[in-house]
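Single-structure report; data block below.
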């Protein structure tokens, strides 16, 4: 009955700690809320644009710190003392609020949620939000610490020169695997098509993430808009379907930890969480290439405290502050100067800080605008198959 | 809807049925006198009674439905916004053969779950209504108790129970009932189980409501006239509780067809239901126009299905 005991413990973990997942559990709750709340949401949509103008008029360039700062971030994605130290140092009260998916964040902003000074969308979502006029330009004169970033994060394809976004943390999307059950593991996406692990493999639910895997495996660009290549990827994903346990963006953490899933397409930090529970779980960045993602601080168009938000961004880019966050959440920091304050085990971990030859094969996912339709249509074929 | 309207209306009729005929005309007279007095103020009374609900429905049902209808005729903007327009492309896509298996599967899962909740809910409701005695309320509270916990958490618990190294498999393998852990999770079985579990009270409560006000003397009469238990159940009890059965099946079937949480959590790669398709259009694909068209199409299919169901099973006294 010891096992039963463990099950109960895991259940409580499921229920209580689920929000720990950066991109997890509450996404679904959010989705349910979103669908149920469609009326309110739609009603609020009309208000969205009008608040934009009122917000703009309320931000004259008085370079004075506000009393409060409204910070909307991924759940459990910050060190314990990050906010208290800022409050102490600057005398600003930080109102901290959390979300757990880009979709939820976007839905909230689109539904007219106002008052947030800083949000932390992922790279491609920055492009989306820019396309929807939801972000405003950052005055980098107030963020001198921006020079602390690695060159890669100064010239990101989605926002060269950090005009609209200041990186927070970054990671990769690779394979989490059970090193005991999967004995001959190779760092290749082919592992997710290995028939001997039928029923023990999971894939993420995000459309572009799934297609990126197939495209990498085929040796194509993960951001391709060539219908023939997308078609090939579609066939590959349909072939893979019978081998899958299911598509999941959150439960795989627990399934890896409980040995139920042996090979999971997943986010680096999520796999490390599973590893913390079960040390046979390993993370690998496949050699064909993988998606690199970076979550960045942005200022919504109608943010009431723009200057304070910029001061906060600058504070986050202090080497010690950046390092403390990485040491706590075990994601890589975009801050080069933070290296000397990083926990050496994190800095030397190739799955957190991949060696240069692996880094060279990492690709940002690009928002494709109207071409997204190609992927949506292709995904329907996979889903219906 | 039939269930909520019925108890008050038929409850009075049921009790007066047993009373000798003499007082009945007086009751009718009283009723008509009250009705006459009310009639003068009927317009005001009616609007006071129905007003709040009408406003509510207008604001939170009709209006959003109109918005969804307008959206469904538009298209997806480059960044996932809705571009308004007037085209039926989304409906053509919604009714493409691609989704036939998914729609068929959704209806099949929902139908099986409805049947299972009926098979389980009926005896349960029958027991509480006829043999519950003074514990009736306790049983009802026990039935509702799981509702105090979030549906998500209850569904997550099923994962813990059903998975390969889960509670059920651990017990079964340690008792040597099965040599290998069974593959229960992420199968059609687990999805239907989740639906059945989740919707059981929606079936039981209307059944209870209609069985509770069932005139027991009719059952006795059936026995007196020589019918055995089975015959009485088939010819008296079940027909009399038909309004409850219809209400229960609708209350279970309709939300079950459109459910997306259960197949999402308990399902596998091939248990996708139409609700998942709609959800992913709204969230992952961010194509609200197409999602709206899919929602509307599902609503239309359901309306037609319900229409034929109620026409076939239902009678006038359902309302």
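A few remarks follow.
- Residues that are more than 30 Å from residue A:132 (Cα to Cα) and within 14 Å of chain B (Cβ to nearest Cβ), drawn from the stretch A:353-372: none
- Residues of the stretch A:330-365 that turn out to be part of a helix (DSSP H, G or I) and out of contact with any strand residue (DSSP E or B) (no Cβ under 7 Å at 6 or more places or on another chain), as a count: 13
- With respect to the stated conditions, residue B:200 is within 19 Å of the chain's Cα centre (by Cα), buried (at least 20 other Cβ atoms within 10 Å of the Cβ), more than 14 Å from every other protein chain (Cβ to nearest Cβ) and touching a residue at least 12 places away in the same chain (Cβ under 8 Å).
- Test: residue in the stretch A:57-73 that is modelled with pLDDT of 50 or more, within 14 Å of another protein chain (Cβ to nearest Cβ) and more than 24 Å from residue A:267 (Cα to Cα): no
- Residue in the stretch B:238-257 that is closer than 30 Å to residue B:164 by Cβ, over 19 Å from the mean Cα position of the chain (by Cα) and within 14 Å of chain A (Cβ to nearest Cβ) present: no
- The helices (runs of 4 or more DSSP H) located wholly in the stretch B:1-118 that include 2 or more residues which are at pLDDT 85 or above occupy B:42-57, B:63-72, B:89-94.
- Selection of the stretch A:188-219 for residues being part of a strand (DSSP E or B) and over 17 Å from the mean Cα position of the chain (by Cα) yields A:201, A:202.
- In the set A:138, A:146, only one residue is closer than 19 Å to residue A:294 by Cβ and in a loop (DSSP other than H, G, I, E, B); that residue is A:138.
- Scanning the stretch A:154-169 for residues that are assigned to a strand (DSSP E or B), surrounded by fewer than 24 Cβ atoms within 10 Å (Cβ to Cβ) and under 18 Å from the mean Cα position of the chain (by Cα) gives A:156, A:159.
- Checked against the criterion of being within 14 Å of chain A (Cβ to nearest Cβ) and either surrounded by 20 or more Cβ atoms within 10 Å (Cβ to Cβ) or at pLDDT 90 or above (or both), the candidates B:195, B:211, B:265, B:218 yield just one match: B:265.
- Counting residues in the stretch B:174-188 that are farther than 23 Å from residue B:107 by Cβ, within 14 Å of chain A (Cβ to nearest Cβ) and part of a helix (DSSP H, G or I) gives one or more.
The values are calculated or read from the model by the stated rules, or taken from the named source; none is laboratory data. Keep in mind the model is a prediction, meaning the values are calculated, not measured. Neighbour counts run over all protein chains shown; Cβ positions are idealised from the backbone, glycine included.
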